[in-house]
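A.B. asks: Input: one structure, supplied below.
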Amino acid sequence: MSLQLIEYEQASAEVRAVFDDIMATRRIDRVNNFWKALANHPATLRRTWESLKEVMAPGSLDPLVKELIYVAVSATNNCNYCIGSHSAAARKAGMDDAMLGELLAVVAMANETNRLAIGYQVPLDEAFKDAVLAPAG
């Protein structure tokens, strides 16, 4: 299957509007291939961009942490495209080689211990049951 990448010049007005927003928001002069691929379905392009823009906007987590999380999940999902694009964004936000190495070590360890916990069907300790929803402090 060969997916067509929709270039700006061939894009509909609806797609161009999303592309324009991507370029303005990211302060770039071209849209990357991920967005060009999603442009084959304008509703998916628009929905994905709006969601990504909201999730990656400034918040409690700083931009570098968000990009590092994105790289970690992408590595676990074996998404080479996302590993590349979000590693570039993480480097732009301050990630260096040592940070990448440590991040990937944590990802590998989490995957190993997750699989062991799943395989052994380890019951969750009482002390951990409310940790996700409990207020900090």
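The values are calculated or read from the model by the stated rules, or taken from the named source; none is laboratory data. This structure is a prediction, so every number in the text was calculated from the model and none was measured. Cβ atoms come from the backbone with ideal geometry, glycine included; neighbour counts cover every protein chain shown.
A.B. asks: Just to be sure before I move on: is residue 53 in contact with a Ser or Thr (Cβ under 9 Å, 6 or more places away or on another chain), in contact (Cβ under 8 Å) with a residue 24 or more places away in the chain and among the basic types (Lys, Arg) in the structure I sent?
C.D. replies: Details: in contact with a Ser or Thr (Cβ under 9 Å, 6 or more places away or on another chain): yes; in contact (Cβ under 8 Å) with a residue 24 or more places away in the chain: yes; among the basic types (Lys, Arg): yes.
So residue 53 passes the test.
A.B. asks: Next question, about the same structure. Can you name every one of the helices (runs of 4 or more DSSP H) wholly within segment 9-61 that holds 3 or more residues which are among the hydroxyl-bearing types (Ser, Thr, Tyr), modelled with pLDDT of 95 or more and within 23 Å of residue 80 (Cα to Cα)?
C.D. replies: Values: elements: 13-26, 33-38, 42-56.
Helices (runs of 4 or more DSSP H) meeting the threshold: 42-56.
A.B. asks: Can you pull out the residues in segment 72-91 that are under 18 Å from residue 33 (Cβ atoms) and in a helix (DSSP H, G or I)?
C.D. replies: Selection gives 74, 80, 81, 82, 83, 84, 85, 86, 87, 88, 89.
A.B. asks: Okay, next question. Exactly one condition in (1) surrounded by 10 or more Cβ atoms within 10 Å (Cβ to Cβ); (2) of a type outside the set (Gly, Ala, Ser); (3) closer than 30 Å to residue 2 by Cα is false for residue 91; which is it?
C.D. replies: Just one mismatch for residue 91, condition (3).
A.B. asks: A further question on this structure: Which residues, taken from segment 9-25, are without any contact (Cβ under 8 Å) to a residue 24 or more places away in the chain and exposed (fewer than 15 other Cβ atoms within 10 Å of the Cβ)?
C.D. replies: Once the filter is applied, which keeps residues that are without any contact (Cβ under 8 Å) to a residue 24 or more places away in the chain and exposed (fewer than 15 other Cβ atoms within 10 Å of the Cβ), segment 9-25 yields 9, 10, 13, 17, 20, 24.
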